[in-house]
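The structure under discussion appears below in the form of structure tokens.
Readers should treat all values here as calculations from the given coordinates under stated rules, not as data from a laboratory. Here the structure is a predicted model, which means the values were calculated and not measured. Backbone-built Cβ (ideal geometry, glycine too); neighbour counts: all protein chains shown.
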Amino acid sequence: AQSVTQPDIHITVSEGASLELRCNYSYGATPYLFWYVQSPGQGLQLLLKYFSGDTLVQGIKGFEAEFKRSQSSFNLRKPSVHWSDAAEYFCAVGTPYGGSQGNLIFGKGTKLSVKP
Amino acid sequence: ETGVTQTPRHLVMGMTNKKSLKCEQHLGHNAMYWYKQSAKKPLELMFVYNFKEQTENNSVPSRFSPECPNSSHLFLHLHTLQPEDSALYLCASSLSSGTSGGDEQFFGPGTRLTVL
């Protein structure tokens, strides 16, 4: 069965600094990969997704993620963080198969704090 | 209304009460989901409905009873809950479920449930 690991529970960066949030997955083939963001008291919003093709994926709000098959990783990056980026970020994996395996599996999330 | 809406946004109930959470999606999707999000656990998938049929019940206690009268509406009926059921309950929808893991899920803002 597939799984997702987000090793960092909480990260603090200074406003204007670069950001990288880590995500590792476990799956025997190339999965579908997603990053979602959740602001306090809100639902999850999709930032970007990877299905196939170019391994560098651009998303909304200036975020990008790179799929690295050899490392089973899909890390999220942003070159310059804004205070409004403070939120919780979730990595998720989906598989090309049907049934319950086709549902998304979410990581535990990484909470991002931004220092002024 | 656009996207996925959930009512109420906040709910406080006693352990002997009966209440219902409502979710509505205005996206023309065919799959709907209930998730539980608590402070120290990852996002837990509870139920999945695809074309009004329940396709997933993730070992959820019977005090949670879902209902999906049509593809646009999803309810979660609650009765004799426990304090540990206090959490944020998120509803989501996607184009379909079970045919592939690539369909993006759109989330509502959630209902914050407190069980006294």
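If we sort A:24-32, B:62-70 on the protection proxy, mean other Cβ atoms within 10 Å, highest first, what's the order?
Taking the mean over residues of other Cβ atoms within 10 Å, the ranking is A:24-32, B:62-70.
Per residue of A:55-62, how many C-beta atoms from partner chains lie within 10 Å of its own C-beta, taken as a mean?
That works out to 0 on average.
Over the protein assembly as shown, one equal point on each Cα, no solvent: what is log10 I(q)/I(0) by the Debye formula at q = 0.07, 0.12, 0.13, 0.14 Å⁻¹?
Treating every Cα as an identical point scatterer, log10 I(q)/I(0) equals -0.22, -0.66, -0.78, -0.89.
Just checking the protein assembly as shown: which Cys have no other cysteine's beta-carbon under 4.7 Å?
B:C68
State, as an integer percentage, the relative contact order of chain B based on alpha-carbon contacts under 8 Å between residues 6 or more apart.
Relative contact order, chain B: 36 percent.
Using a 10 Å cut-off around each Cβ of peptide B:30-37, what is the average number of partner chain Cβ atoms that fall inside?
Counting Cβ atoms of other protein chains within 10 Å of each residue's Cβ and averaging gives 2.
May I ask for the net charge around B:Y89, where only other residues with Cβ less than 12 Å from the Cβ of B:Y89 are counted and Lys, Arg are +1 while Asp, Glu are -1?
+3
Using Cα positions and a limit of under 30 Å, work out the lysines in reach of B:K52, with same-chain residues fewer than 8 apart set aside.
By straight Cα distance, B:K52 reaches A:K49, A:K108, B:K18, B:K19, B:K22, B:K36, B:K41.
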